[in-house]
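The values are calculated or read from the model by the stated rules, or taken from the named source; none is laboratory data. On a predicted model such as this, the values are computed, not experimentally measured, just so you know. All Cβ positions, even for glycine, are placed from backbone atoms using ideal geometry, and neighbour counts span all protein chains on display. These area figures cover heavy atoms from the full protein model, side chains too; ligands, DNA and RNA do not enter into them. Shrake-Rupley method; radii C 1.70, N 1.55, O 1.52, S 1.80 Å.
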Amino acid sequence: MIYLFALTLMSSCTAPTEKNLEAGAEQDVLSISEKATWMDIDTASSVVTWIGSKPKGQHNGIIPFNAGQLAVLTGEIVGGKFEMDIQRLQVMDLMKDAEKSKKLKDHLMSEDFFEADSFPTASFEIVEVTPFDSTALPEDAKEFESEYTPATLSSFMVANPSHMITGNLTLRGTTKSITFPAEISFKPEYIRAVAKFNIDRTDWNLSYSNEASVIDKAKDRFIYNTVNVGLNLEVVR
């Protein structure tokens, strides 16, 4: 998320034709059966990961969960609500340089990105979980080519997706629906959902140094709008 979320660029710097993942209008969340069991996620092992890129560099980090629950019915996930703590975001690649890490995190917390003083948390609420359908995946976006071009969806997503998860993601006071492939595992000792997907940060108004103005600046100065996002959710039984 520093250099978070993305619109795509042709290598010729013309307008993009596809996006890694379409963000749509907020969707209504259907009522969950009273027979479903709500189970708390393990906030110690559940986390959101992010990779933000610009032509000459990348940063990566995590965003912890404050709380979250999965609704389970007859061995399937049928719902879920989660709150992420933006103010506890960590820049993992700068852990050995406290000064640079603080500088970057302070910028991410500012109005240029998350505006964390006004929006200290983000949330995700599951709308629907369906069997994986490869035909529902969008084509890989065409990005401006550089040493640090963000990973495409097809190369970044989990290797063995079992389901498609649709839900409403709220960042900086804006809510959009997204759908992404995930691998969901039910084991005697845990329930785990793992996903890797891309989002366009500008869909949530995180537009600092975005690609729309790339023609007006040096090619090494913009931040890709595409952010590679990982989602790890775990319920310990």
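State whether the residues of segment 220-234 include one that is over 30 Å from T37 (Cβ atoms), β-branched (V, I, T) and modelled with pLDDT under 95. Yes; the residues of segment 220-234 include at least one that is over 30 Å from T37 (Cβ atoms), β-branched (V, I, T) and modelled with pLDDT under 95.
Matching residues to (1) surrounded by 15 or more Cβ atoms within 10 Å (Cβ to Cβ); (2) touching a strand residue (DSSP E or B) at 6+ places or on another chain (Cβ under 9 Å); (3) of a type outside the set (G, A, S):
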position: E147; (1), (2), (3): no, yes, yes
position: A151; (1), (2), (3): yes, yes, no
position: T166; (1), (2), (3): yes, yes, yes
position: T175; (1), (2), (3): yes, yes, yes
position: I178; (1), (2), (3): yes, yes, yes
position: R192; (1), (2), (3): yes, yes, yes
position: D200; (1), (2), (3): yes, yes, yes
position: I223; (1), (2), (3): yes, yes, yes
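Screening the candidates K105, K96, K54, K81 for the property of being basic (K, R) and in contact with a Leu (Cβ under 8 Å, 6 or more places away or on another chain) yields one hit, K105. Comparison of D85, D97, D93 shows that the only residue that is farther than 22 Å from A151 by Cα, open to solvent by 40 Å² or more (accessible area, probe 1.4 Å), modelled with pLDDT of 95 or more and not aliphatic (A, V, I, L, M) is D97. Just one of the listed residues (D140, D93, D97) is touching an Asp or Glu at 6+ places or on another chain (Cβ under 8 Å) and closer than 24 Å to G57 by Cβ, namely D140.
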